[in-house]
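Written below as structure tokens is the structure these notes are about.
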Amino acid sequence: MKYADEFRDKTIAQGLARAIGAEAESQREYRFMEFCGGHTHAISRYGLEDILPANVCMIHGPGCPVCVLPASRIDMAIRLAERPEVTLCVYGDLMRVPGSQGKSLLSAKAYGADIRMVYSTLDAIRIAEQAPNREVVFFAIGFETTTPPTAVMIRLAEKKWLKNVSVFCNHVLTPAAMHNILEGPDIHNGGRIEIDGFVGPAHVSTIIGTKPYEVLAEQFDKPIVIGGFEPLDMMQAILMLVRQVNEGRYEVENQYSRAVTRKGNRRAQEEVSDIFELRDHFEWRGLGLVPHSGLKLKQAYAQFDAEMRFAMHEVRVADNPACECGAILRGLKRPVDCKLFGTICTPEIPIGSCMVSSEGACAAHWTYGRFRDHQLRRA
Amino acid sequence: MRAMAYQRKLDIKNGRVDLSHGAGGRAMAQLISGLFHEAFGNEWLARGNDQAAFDVGAGRMVMTTDGYVVSPLFFPGGNIGSLAVHGTINDVAMGGARPLYLSASFIIEEGFRFSDLKTIADSMGEAARAAGVYIITGDTKVVERGKADGMFISTTGVGVLADGLDLSAEKARVGDRVLVSGSLGDHGAAIMSRRQNLAFETEIVSDSAALHHLVALMVAAGGSSIRVMRDPTRGGLAATLNEIAHQSGLGFRLQEKAIPVKPAVAAACELLGLDPLHVANEGKLVAIVAPDMADAVLAAMRAHPLGCDAADIGEAVADNHRFVQISTSFGGGRIVDWLWGEQLPRIC
Ligand code: SF4
């Protein structure tokens, strides 16, 4: 805890808040998106919005991989799990995520599907070894941080000659999503993107490095600061963003240099590119189809690809038309602007991606921050 | 007179429960007398009736019941047996009552080891004796393998409540203090640390304990200035305070830095992506106390070993939205909401 406490010191936080307040020009607004769920969590958990000056606002980004996983992929997984020979291994966070018919993996399990909650890819290997007659499928999801463990799992299955293991691959790429948010459909019809800069992913960048963001900063004239998940990391990253905006710079800077380098983890990158390749496009809940934003297994590993192995059909499911996630992710709207917020869309029954996990924009606001709406109204 | 047929002794060391032990025959009688009576030892059980008759002191009676399905059955700081005794005693005690008697019902899987059963029964007996409470009636059922995850226990408790004492959430008033009896999240963190697939080295021990002696001291010190008491089990402090907020129509404002959480528990929760305020306790209580008596009640709590880390963590405030809010040690604010869904670690 000692290590962590250094990054949560109230006095230092107040010092940083004063610095941000002093440097932020009072006549303008600064609107920054924190990309990761981990960032959103830090903001909500520590109440950073109360510490930051009023003209510096944070927009919650696509959150975590659970939030952006489209209902169609959940539907596909449910159909897969309903096959009598299949044992589906799933991270716990995914269990409650609703598919299109309101059905979730949790309810499929209650109806008899063999779905196991696991904590790591290695659990799936263990289950496959113990049950050689079952088709064990790992529901792989996550940004670049979680792809290497899936690669390791496939390698291990190969080494152990396991014939009953496969992966339902839903790994996605963060720079592609950032690109999509910045490019946004609105921009073509005169719409705006109300984002002045990004606090870029921490853990993801330990793998891919800071380099992949450079073209984004350049192409869209947006500063990007890679920031850690501790609250003081966030504050410092925000200060760095304010400075870039003030000085008219659009660079990729690295606040999280204790873990992130420009080039990232080469070995992990190679491990991943040996086994995975880009999909033409992948659907993101809230963003729609995003080109080159997802990974699939290479042909050489087709036997480990559940989509091939079980001839799984792609399905498309439209998001609820009233859901404003897309606009929220582009900084154009806030959760309270959605008429479903807190009425029919709550963390218990999420309608859109931003409500699915506590790290999504709507769920974070509902769970931690909604008291501020009432304070505002009262004021 | 016909001689008693020969019956082999229970082989506690190597034996296992089989379906005959729940079938109502002699095997069951032997299990009950050889294992449970031995462990719980009291005059009511010794009479061997299907029910127990007992006297009740003056005052109103209090009754509660609870099922225990904890997994794993054995965890640092206790097992399902001690938990089933402590948990039900605490439910009686939170009303301000004095717990007297318990019943215990066991659903056991065939194949369950006698040795484990004995350990569990013994720790129930021990927990009851230490608490001055008797397990006076019970039931045993055996189900097929795989049907009960080892074993489930249900316990029912009765106690008496002194005249004039009536604790209830709607009695809370603006300005009341929120007291907790000690560090939060120990039980849940201990269980999580032992869960299969998630074992990590920690020194975290469940806080499972019977709180009625602590409650008696508090009632003696504070009487009806104690508005309501709850034990924050599932859903942790967050769920308990949200419940009280809803029932009382008030909000709460807490100070994060005043809330006791052990460093090891905080670290484990961090690792698992949990909030200690959502994690279960089995030997802690929350009391809402009138402001003028709060210090006296707090002093009484601290005088008892189970309350030595007791703390005043915040106050009841007027709030139509009934929010439980916390001032973070970082200087910001946030809501402490009910937990939604299963509490599971984040994956990224
Ligand atoms: S409140 Fe629900 S429906 Fe509305 S934008 Fe958020 S997630 Fe979508």
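Each row is one residue, and each column tells you yes or no for (1) more than 19 Å from the chain's Cα centre (by Cα); (2) at pLDDT 90 or above.
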residue	(1), (2)
A:C169	no, yes
A:G191	yes, no
A:V204	no, yes
A:T210	no, yes
A:K222	yes, yes
A:L241	yes, yes
A:K263	yes, yes
A:S273	yes, yes
A:E283	no, yes
Check off (1) more than 14 Å from chain A (Cβ to nearest Cβ); (2) in contact with a helix residue (DSSP H, G or I) (Cβ under 6 Å, 6 or more places away or on another chain) for B:A294 and give me the number that stays unchecked. (2)
Residue set B:G96, B:G57, B:G67, B:G77; condition open to solvent by 30 Å² or more (accessible area, probe 1.4 Å) and on the phi > 0 side of the Ramachandran plot; output residue B:G77
Would you check if B:A287 is under 25 Å from B:S168 (Cα atoms), more than 10 Å from chain A (Cβ to nearest Cβ), of a type in the set (G, A, S) and open to solvent by 40 Å² or more (accessible area, probe 1.4 Å)? no
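What do you reckon, is A:L80 touching a residue at least 12 places away in the same chain (Cβ under 8 Å) and within 11 Å of another protein chain (Cβ to nearest Cβ)?
For A:L80, the condition - touching a residue at least 12 places away in the same chain (Cβ under 8 Å) and within 11 Å of another protein chain (Cβ to nearest Cβ) - is not met.
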Exactly one condition in (1) in contact with a strand residue (DSSP E or B) (Cβ under 9 Å, 6 or more places away or on another chain); (2) under 30 Å from A:A363 (Cα atoms) is false for A:L332; which is it? (1)
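For every residue, the table says whether it meets (1) open to solvent by less than 10 Å² (accessible area, probe 1.4 Å); (2) not in a helix (DSSP H, G or I).
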site	(1), (2)
A:H41	no, no
A:R45	no, no
A:R79	no, no
A:R83	no, yes
A:L88	yes, yes
A:K103	no, yes
A:D123	no, no
A:N133	no, yes
Scan A:L105, A:L48, A:L94 and give me the residue that is under 23 Å from A:V290 (Cβ atoms) and either in contact with a Ser or Thr (Cβ under 7 Å, 6 or more places away or on another chain) or within 13 Å of chain B (Cβ to nearest Cβ) (or both). A:L94
Flag for B:T119 being open to solvent by 50 Å² or more (accessible area, probe 1.4 Å), in contact with a strand residue (DSSP E or B) (Cβ under 8 Å, 6 or more places away or on another chain), among the polar types (S, T, N, Q) and at pLDDT 95 or above: yes
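Quick one: would you say A:G112 is surrounded by 21 or more Cβ atoms within 10 Å (Cβ to Cβ) and either modelled with pLDDT of 90 or more or more than 14 Å from every other protein chain (Cβ to nearest Cβ) (or both)?
Values: surrounded by 21 or more Cβ atoms within 10 Å (Cβ to Cβ): no; either modelled with pLDDT of 90 or more or more than 14 Å from every other protein chain (Cβ to nearest Cβ) (or both): yes.
So A:G112 does not fit the description; no.
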Restricting to the stretch B:159-178, give me the number of residues that are open to solvent by 20 Å² or more (accessible area, probe 1.4 Å) and not in a loop (DSSP other than H, G, I, E, B). 3
Those residues of the stretch B:246-259 that are out of contact with any Gly (no Cβ under 6 Å at 6 or more places or on another chain) and either more than 25 Å from B:P291 (Cβ to Cβ) or not hydrophobic (A, V, I, L, M, F, W, C) (or both) come to a total of 7
If the requirement is being closer than 21 Å to A:C36 by Cα and touching a strand residue (DSSP E or B) at 6+ places or on another chain (Cβ under 9 Å), which of these qualifies: A:A157, A:A176, A:A259? A:A176
Read through the list (1) under 30 Å from B:A189 (Cβ atoms); (2) in a strand (DSSP E or B), then give the number of the only condition that B:L100 fails. (1)
Within the stretch A:275-318, work out how many residues are aromatic (F, W, Y), farther than 20 Å from A:E144 by Cα and in contact with a strand residue (DSSP E or B) (Cβ under 7 Å, 6 or more places away or on another chain). 0
Here is a list: B:D149, B:D91, B:D139. Which entry is open to solvent by 10 Å² or more (accessible area, probe 1.4 Å) and modelled with pLDDT of 95 or more? B:D91
In the stretch A:1-24, which residue that is within 14 Å of another protein chain (Cβ to nearest Cβ) and in a loop (DSSP other than H, G, I, E, B) is modelled with the highest pLDDT? A:D9
So if I check each of A:S358, A:S353, which one is touching a Gly at 6+ places or on another chain (Cβ under 6 Å) and either touching a residue at least 12 places away in the same chain (Cβ under 8 Å) or not basic (K, R) (or both)? A:S353
Looking at the stretch A:25-44, can you tell me whether even one residue there is of a type in the set (A, V, I, L, M), facing another protein chain (nearest Cβ under 10 Å) and touching a residue at least 12 places away in the same chain (Cβ under 8 Å)? yes
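Regarding B:G331, is this residue within 14 Å of chain A (Cβ to nearest Cβ), at positive phi and out of contact with any helix residue (DSSP H, G or I) (no Cβ under 7 Å at 6 or more places or on another chain)? Spell out how you get there, then give the answer.
Values: within 14 Å of chain A (Cβ to nearest Cβ): yes; at positive phi: yes; out of contact with any helix residue (DSSP H, G or I) (no Cβ under 7 Å at 6 or more places or on another chain): no.
No: the conditions fail for B:G331.
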Being buried (at least 23 other Cβ atoms within 10 Å of the Cβ) and within 14 Å of chain A (Cβ to nearest Cβ) narrows it down to one residue among B:V215, B:V265; which is it? B:V265
Of all residues in the stretch A:35-80, which are more than 17 Å from A:R330 (Cβ to Cβ) and of a type in the set (S, T, N, Q)? A:S44, A:N55, A:S72
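Inspect all residues belonging to the stretch B:14-33 and state whether any of them is more than 20 Å from B:M151 (Cα to Cα), open to solvent by 40 Å² or more (accessible area, probe 1.4 Å) and at pLDDT 85 or above. Explain how you work it out, then say what you get.
First, pick out the residues of the stretch B:14-33 that are more than 20 Å from B:M151 (Cα to Cα): B:25-26.
Still in the running and open to solvent by 40 Å² or more (accessible area, probe 1.4 Å): B:26.
Now drop any that are not at pLDDT 85 or above, which leaves none.
Within the stretch B:14-33, not a single residue is more than 20 Å from B:M151 (Cα to Cα), open to solvent by 40 Å² or more (accessible area, probe 1.4 Å) and at pLDDT 85 or above.
Please specify each residue of the stretch B:218-254 satisfying the condition of being of a type in the set (V, I, T), open to solvent by 10 Å² or more (accessible area, probe 1.4 Å) and under 24 Å from B:W340 (Cβ atoms).
Going through the stretch B:218-254, the residues of a type in the set (V, I, T) turn out to be B:219, B:226, B:228, B:233, B:240, B:244.
Those left that are additionally open to solvent by 10 Å² or more (accessible area, probe 1.4 Å): B:219, B:233.
B:T233 - this is the single residue of the stretch B:218-254 that is of a type in the set (V, I, T), open to solvent by 10 Å² or more (accessible area, probe 1.4 Å) and under 24 Å from B:W340 (Cβ atoms).
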Hey, A:V97 touching a strand residue (DSSP E or B) at 6+ places or on another chain (Cβ under 6 Å) and touching a residue at least 12 places away in the same chain (Cβ under 8 Å) or not: no
Considering residues that are open to solvent by 20 Å² or more (accessible area, probe 1.4 Å) and under 21 Å from B:I226 (Cα atoms), the number found within the stretch B:268-283 is 1
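The values are calculated or read from the model by the stated rules, or taken from the named source; none is laboratory data. From a predicted model like this one, the values you see are computed outputs, not experimental measurements. Counting neighbours? That spans all protein chains shown, and the Cβs are built from the backbone with ideal geometry, glycine included. Keep in mind that these areas ignore ligands, DNA and RNA; they rest on the heavy atoms of the full protein, side chains included. Shrake-Rupley method; radii C 1.70, N 1.55, O 1.52, S 1.80 Å.
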